[in-house]
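Have a look at the structure below before the remarks.
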Amino acid sequence: MADDEGTSITELRISGMHCAACSSNVAKALRNVEGVEAADVNLATEIATVSHLDVSPDDLKTAVEEAGFGVVSDHVDIRIGGMHCASCVANVTKALHKVDGISEANVNLATETATIEYDPRSASLGDMKTAIEDLGFKYLGLAGEARDAAEEEHRADLRSKFRRIVMGFAVSIPMMAVMHLRPELPLPMGILMFAISLPFFVYLAYPIFSAAFSSLSNRHLDMDVMYAMGIGVAYGSSVLGTFRIVLTPHFMFYDTALMLASFLTLGRYLEARAKGRTSDAIRKLMDLRPDVAIVLRDGQEVEVPVDEVRKGDTVVVKPGSRVPVDGKVIDGSGTIDESMMTGEPMPVVKDVGADVTGGTLVRNGLIRFEATAVGRDTALFRIIEMVERAQGSRPPVQRLADRAVTVFIPAVLTIAIVAFLGWYLVGGSTLLFALTTAIAVLVIACPCALGLATPTAVTVGVGRGAELGILIKEGEALERADDISVVLFDKTGTLTEGEPRVTDVVTYGVERPELLGMAAAVEAGSQHPLAEAVVNAAKEEAASAMEATGFETVEGKGISAAVGVNVVSVGNRSMMEERSVSIDGKVSARMAKMEMAGKTVIAVASGSEVVGLIAVSDPVKGTSRKAVKVLKGMGIDVAMVTGDNPDTAGAVARRIGIQNVHAGVLPGGKADVVRRMQESGEVVAFVGDGINDAPALAQADVGIAIGSGTDVAVEAGEVVLVGDDPLDTAAAVQLGRKVMSRIRGNLFWAFAYNTALIPLAAGMLFPVTGWTFRPELGAMAMALSSFSVISLSLLLRKWEPAK
């Protein structure tokens, strides 16, 4: 909001403040921003009230973040109807940024959506709706809820355009023939053409003039203004020539005006139809969810709408039906096709206790499961939201097109005026020729291709990735993936199965059941996969159950606890050294032998003596070696990081073809490994699945999270692999390279089209060849330019990774 003196008041929700010093630091940071007059921070409400002149919300947000705190904002995706070109996008973006409380607005022409970051105390959906509708566009509601309305609006728009196109060409083509053949007519040519064309011209050109008027009313220049000028000048000069007002009957452009409007409408029809296909992936995902579900109510099977399924309901799924929501099997078994979610073609057997995902297909068997996630909380819905958010994001390469669009229309208007005046006043041509040249320049120019080059490729590419089980969380990740020079894999759970199993047990002075029992008692206090392997082995061998107390964990080394009267330490060599446990030559040699075989060796000590060794092996995934080979074939270095000792890590690395190994790295050190690589000039992708991988995923240029891993890892990654196949890492990089290649091709075509044809339309070659561009041919070329860019992007729908 703003007062009468031009001072604006902005309120920010601040996160991360704990004390009065924090609030003081935030206030100081805000006051240091140029243009800020006052800043007060309330620690209790966590609200900062800033009084300022011309300061953008981004500047305030940056100041807070640089002080080490955060600004809390809400996000919303809305659908917008009526946008035709990059200028429309720029105008909508500008209008949304003017709304108090909106800190960021990304408008996507391809999906016709806007992703908005805002403070709900300062801005509302009503404010956004007003800003959009004041420009003459349509507010269609929230993206997730207005999909049906948006699709109906899209179909109605296509029908309207199609009727106008058919009528326009049906009238303009015969008119052109008559005006060229000049047969005997009952009335003068001009009067007859005027009478025939007027109602059709009004019907055909009304949407263009209406949009142009709305743009001018809001002091915006866009392509509708240019097109209205082009066809308006053509038709207006025809009327003046017909009635001999200033101009002569030689100025007859009735057929040209109608054909221009027809071609312009045809271009937008083809563009709208193609844009509608860019979001096919979202529709396919939406179609995976059934409309109804069978649930047990009072012991009876009842069919209910899927939106009425509640968490905890018992859901019944029969062969050939889709799973309606996420859940856990409580009765029965069956084979389920999860290919639409993971990309894996083989059905998976699901028994009691197994998790099932909404949208998957039961091939055989009848299962009953308890609903654990419904509605917006299901994996399918989260995937759809993730894909939509990524499709609406703007990679940095888009900025090139944005900068071009801001100067495009003024530049084209200048060229049209210069061409007209140059030919008429300097070149000595006729007024008719100069006017025709100016009209051709106005209608041939097309920033739409520039505006569509990036978002259409991103939209289709992200959608195709989702179909292959590769979820891109933001478009910027695609651009960075194109530059990756090193892929750093975490070992456990990424290159290996992540399910370690005990392979060897060596005892020194105790029996095997006793060793496993005391080790399991201590490891019961840990959630590490190696600990689980020891506990499971003790259960399988019915080892003696023991009680442990006083657990003490040493990060990255092991754990100790009191078992009976002794302190039992379980861990690696470093753990033993830290506990002053001596490892003699015989024990050390045995450990080394097992480590050279790629096994992780856990030493068990009672007091200060080693009483046994437990070797654990985590099988390498079947596709790990191939994934490494494919990545190296793409010119990318591959490295591995692990907490294992160098011997064990080296054995695993040799098995899968990795030479660059970072072993003995503590959980917190993985991000440091990534940072050192970046400091040496590498562009790093980190692939991991665990909680302790989150810092490295965030530090990497591209964080790739295994979808079967922890929620923390998935949240930190910019790319999420729904499955757990390392080969999908190569596919994700290939997808990024393919999308960026298509974006560059689209931008080249868009720039080349305008750079080559605008000078031709201005008559640059006329002195040499005597040839110039007719306005109707210019309009046809304009129509085809946007359609060509979108069609090239749509080819990504058929892309398959070369993995």
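The values are calculated or read from the model by the stated rules, or taken from the named source; none is laboratory data. Source: prediction; values computed, not measured. All Cβ positions, glycine included, derive from the backbone under ideal geometry; neighbour counts span all protein chains shown. Just the protein is used for accessible areas: all its heavy atoms, side chains included, with ligands, DNA and RNA removed. Shrake-Rupley method; radii C 1.70, N 1.55, O 1.52, S 1.80 Å.
See the values below:
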{"read-out": "Matching residues in segment 102-127 - criterion: being of a type outside the set (A, V, I, L, M), buried (at least 22 other Cβ atoms within 10 Å of the Cβ) and either free of Cβ contacts under 8 Å to residues at least 24 places away in the same chain or not in a strand (DSSP E or B) (or both)", "value": "THR111, GLU112"}
{"read-out": "Selection count, segment 670-680, where residues are over 17 Å from LYS632 (Cβ atoms) and in contact (Cβ under 8 Å) with a residue 24 or more places away in the chain", "value": "5"}
{"read-out": "Flag for LEU240 being modelled with pLDDT of 85 or more and open to solvent by 20 Å² or more (accessible area, probe 1.4 Å)", "value": "yes"}
{"read-out": "Condition met for GLU474 (open to solvent by 50 Å² or more (accessible area, probe 1.4 Å), in contact with a Lys or Arg (Cβ under 7 Å, 6 or more places away or on another chain) and within 30 Å of ALA685 (Cβ to Cβ))", "value": "no"}
{"read-out": "Selection within segment 512-557 - within 24 Å of VAL665 (Cβ to Cβ), open to solvent by less than 20 Å² (accessible area, probe 1.4 Å) and not aliphatic (A, V, I, L, M)", "value": "GLU523"}
{"read-out": "Filter pass, ILE614 being within 22 Å of LEU530 (Cα to Cα) and open to solvent by less than 10 Å² (accessible area, probe 1.4 Å)", "value": "yes"}
{"read-out": "Restricting segment 758-786 to residues that are hydrophobic (A, V, I, L, M, F, W, C), open to solvent by less than 70 Å² (accessible area, probe 1.4 Å) and touching a helix residue (DSSP H, G or I) at 6+ places or on another chain (Cβ under 7 Å), the residue that is modelled with the lowest pLDDT", "value": "ALA783"}
{"read-out": "Complete set of residues in segment 458-468 that are surrounded by 24 or more Cβ atoms within 10 Å (Cβ to Cβ) and closer than 16 Å to VAL720 by Cβ", "value": "GLY461, VAL462, GLY463, GLY465, ALA466"}
{"read-out": "Residues within segment 499-557 that are part of a loop (DSSP other than H, G, I, E, B) and at negative phi, tallied", "value": "18"}
{"read-out": "When residues of segment 176-208 are limited to those that are crowded, with 19+ Cβ neighbours inside 10 Å and more than 49 Å from the chain's Cα centre (by Cα), the one modelled with the highest pLDDT", "value": "PHE194"}
{"read-out": "Hits in segment 209-220 - residues which are surrounded by 11 or more Cβ atoms within 10 Å (Cβ to Cβ) and either at pLDDT below 90 or among the hydroxyl-bearing types (Ser, Thr, Tyr) (or both)", "value": "SER210, ALA211, ALA212, PHE213, SER214, SER215, LEU216, SER217, ASN218, HIS220"}
{"read-out": "Whichever residue in segment 400-438 is of a type in the set (S, T, N, Q) and part of a helix (DSSP H, G or I) and, among such residues, is most open to solvent (accessible area, probe 1.4 Å)", "value": "THR406"}
{"read-out": "Filtered residue count, segment 573-601, keeping only those that are outside any helix (DSSP H, G or I) and under 16 Å from GLU555 (Cβ atoms)", "value": "1"}
